[in-house]
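K.L.:
What follows is a single structure, and I will ask about it in a moment.
The values are calculated or read from the model by the stated rules, or taken from the named source; none is laboratory data. The structure displayed is predicted, hence computed values, not measured ones. Note that each Cβ is placed from the backbone with ideal geometry, even for glycine, and that neighbours are counted across all protein chains shown. These area figures cover heavy atoms from the full protein model, side chains too; ligands, DNA and RNA do not enter into them. Shrake-Rupley method; radii C 1.70, N 1.55, O 1.52, S 1.80 Å.
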Protein chains: 2
Amino acid sequence: MADAFMSDLAARAIAERLFFGYRAFTGDADRVLASRGLGRAHHRALYFIERAGSIPVHELLATLGITKQALTRVLRELMDAQLVERRRDPTDGRRGILTLTETGRALELSLLHAQRARIEVALAQAGPSGREAIHTFLEALMEPEDRGRIGLSL
Amino acid sequence: MADAFMSDLAARAIAERLFFGYRAFTGDADRVLASRGLGRAHHRALYFIERAGSIPVHELLATLGITKQALTRVLRELMDAQLVERRRDPTDGRRGILTLTETGRALELSLLHAQRARIEVALAQAGPSGREAIHTFLEALMEPEDRGRIGLSL
DNA sequence: TAGAAACGTCAACATGGCTGACGCATTTAT
DNA sequence: ATAAATGCGTCAGCCATGTTGACGTTTCTA
């Protein structure tokens, strides 16, 4: 009968590919960010604000999994750079709602496109029939509590 | 005719899954590391030393893509903790060769196993026919120069 | 109207990167 | 034989991004 666990070697094959693959993937955006004097933390905030259209601060905090102090610093820089705007939730004035400015949207899109090129090539290499397996695999890797934070597969 | 580029939405589907998936994957090891007073940087060094059996310092530097100053700090802590040993290359006394101690190997294995459980579940979800696509996709994501640093797929 | 909630901010600190500059042992080239 | 280059190891200072803890303010809610 088969082993209850996968071989260490099979686990290493995935672990290495994830490490190098993720590094290359983030590197594409890092180069664009560096030219604007921003870092990866700014990208993540821009990404999830744009993704949601507008997002309450508490939800962005939960998504990023960082403390409000860490986020505040990032948001202050993004607002100083006129990339993000904060307004109040009309139904609850204590809550803040974040949106991107036009400039912010343009930057977020250029960051996405820097990464899209690589994703496109990689998906093509894997073939059309592999796309579903790749989505399923990555989704299964995630913490269950994060699964509600992502968009649909197709 | 089809678009020359994939849709932004399709790129976002992958980008989000990579972000959350990679975070969960590293989180498994981070919890074990934290209980030993070590960080992710130590794990990466342990991983690639073990993977190679023994490895010259310059090769580990190239693999990790960090400066020797950053690595030295990590190696000093690993050697102080009796997890890593450094000896000289007999054919070129300037070069250092790194190996893990027995304790180091045990720790590296327990870190791998913490991550293996998650990988195993994710691969099972994707189904046996998806495995090749997942390997191909992640490998295609990598920088070409890193492709020689990974083990074979099967 | 008192208390809780949701921030925003300040301060101090940890981790893990970086650059620059030295020094030392060893190998290689002249 | 000696000079230069190589491969480290280390010190110092800095940056980016995270953490706790504490405090003040505004706004809801009981």
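K.L.:
With a sphere of radius 11 Å drawn around the Cβ of A:Ser54, what net charge do the other residues whose Cβ falls strictly inside it have (Lys, Arg +1; Asp, Glu -1)?
P.N.:
With Lys, Arg at +1 and Asp, Glu at -1, the net is -1.
K.L.:
Can you pull the mean other chain C-beta count within 10 Å for peptide B:112-121?
P.N.:
The per-residue average across the peptide is 5.
K.L.:
Determine the distance separating the Cα centre of the stretch B:7-40 from the Cα centre of the stretch B:130-154; give it in Å without decimals.
P.N.:
Measuring centre to centre over Cα atoms gives 18 Å.
K.L.:
Relative contact order for the stretch B:8-142: what is it in percent, counting Cα pairs under 8 Å that are at least 6 residues apart?
P.N.:
Relative contact order comes out at 25 percent.
K.L.:
Something else: So what is the calculated 222 nm ellipticity per residue for chain B, using -39500 (n - 2.57) for each DSSP H run with n of 4 or more, over all residues, to the nearest 500 deg cm²/dmol?
P.N.:
After summing the helix terms and dividing by residue count, I get -21000 deg cm²/dmol.
K.L.:
Let me ask something else about it. If Lys and Arg each add +1 and Asp and Glu each add -1, what is the summed charge of the other residues whose beta carbon sits under 10 Å from the beta carbon of A:Met79?
P.N.:
With Lys, Arg at +1 and Asp, Glu at -1, the net is -1.
K.L.:
Output the peptides A:132-144, B:90-102, B:140-152 sorted from most to least packed, where packing is the average of other Cβ atoms within 10 Å over each peptide's residues.
P.N.:
For the peptides A:132-144, B:90-102, B:140-152, the packing ranking is A:132-144, B:140-152, B:90-102.
K.L.:
For a quick check: with amide H placed at 1.01 Å from N, whose amide H comes under 5 Å from A:Arg95's, ignoring anything fewer than 5 positions away on the same chain?
P.N.:
Counting only residues 5 or more places away or on other chains, the set is A:Asp89.
K.L.:
Can you work out the FRET efficiency for the pair B:Thr101 and A:Ser7, with r the C-beta to C-beta distance and R0 = 35 Å, to the nearest 0.05?
P.N.:
It comes out at approximately 0.90.
K.L.:
Using a 1.4 Å probe and ignoring any ligands, DNA or RNA, find the accessible area of B:His58 and quote it in Å² to the nearest 10.
P.N.:
Rounded to the nearest 10, the figure is 100 Å².
K.L.:
Sticking with this one: Accessible area of A:Ser7, 1.4 Å probe, to the nearest 10 Å²?
P.N.:
60
K.L.:
Also: Calculate how many DSSP beta bridges within the protein assembly as shown are antiparallel, expressed in % of all such bridges and rounded to the nearest 5.
P.N.:
So the antiparallel bridges in the protein assembly as shown amount to around 100 percent.
K.L.:
Now, a different point. In nm, what is the difference between 0.36 nm times the number of residues separating B:Asp89 and B:Ser54 and their Cα-Cα distance?
P.N.:
11.5 nm
K.L.:
Compute the helix-to-body angle for A:68-80: its Cα long axis versus the longest principal axis of chain A, expressed 0 to 90° and rounded to tens.
P.N.:
60
K.L.:
Buried accessible area for the A:B pair, summed, 1.4 Å probe, in Å² rounded to 100?
P.N.:
Adding both sides of the contact gives about 6100 Å².
K.L.:
Could you report chain A's accessible area per residue, 1.4 Å probe, as an integer in Å²?
P.N.:
Ligands and nucleic acids excluded, the figure is 52 Å² per residue.
K.L.:
Give me a single rounded figure for B:22-32: the average over its residues of other chain Cβ atoms within 10 Å of their Cβ.
P.N.:
That average works out to 4.
K.L.:
Compute the helix-to-body angle for B:131-141: its Cα long axis versus the longest principal axis of chain B, expressed 0 to 90° and rounded to tens.
P.N.:
With rounding to tens, the tilt is 70 degrees.
K.L.:
Something else now. Fully extended, how many nm does the chain gain between A:Ile66 and A:Gln82 (0.36 nm per residue separation, minus their Cα-Cα distance)?
P.N.:
Once the chain is fully extended between A:Ile66 and A:Gln82, it gains 3.5 nm.
K.L.:
Taking the Cβ of A:Asp146 as the centre, find all other residues whose Cβ is under 11 Å away and add up their charges (Lys, Arg: +1; Asp, Glu: -1).
P.N.:
Net charge in that neighbourhood comes out at 0.
K.L.:
Averaged across orientations, what area in nm² does the convex hull of the alpha carbons in the protein assembly as shown project?
P.N.:
Across all orientations, the protein assembly as shown yields a mean hull projection of 19.5 nm².
K.L.:
Also, I was wondering about something else. D for chain B, whole µm²/s, Stokes-Einstein with Kirkwood Rh over alpha-carbon pairs at 37 °C and 0.692 mPa s: what number?
P.N.:
Approximately 186 µm²/s, per Stokes-Einstein.
K.L.:
Note the angle between two axes, namely the Cα long axis of helix A:102-126 and the longest principal axis of the Cα atoms of chain A, as a number of degrees from 0 to 90, rounded to the nearest 10.
P.N.:
Tilt relative to chain A: about 10 degrees.
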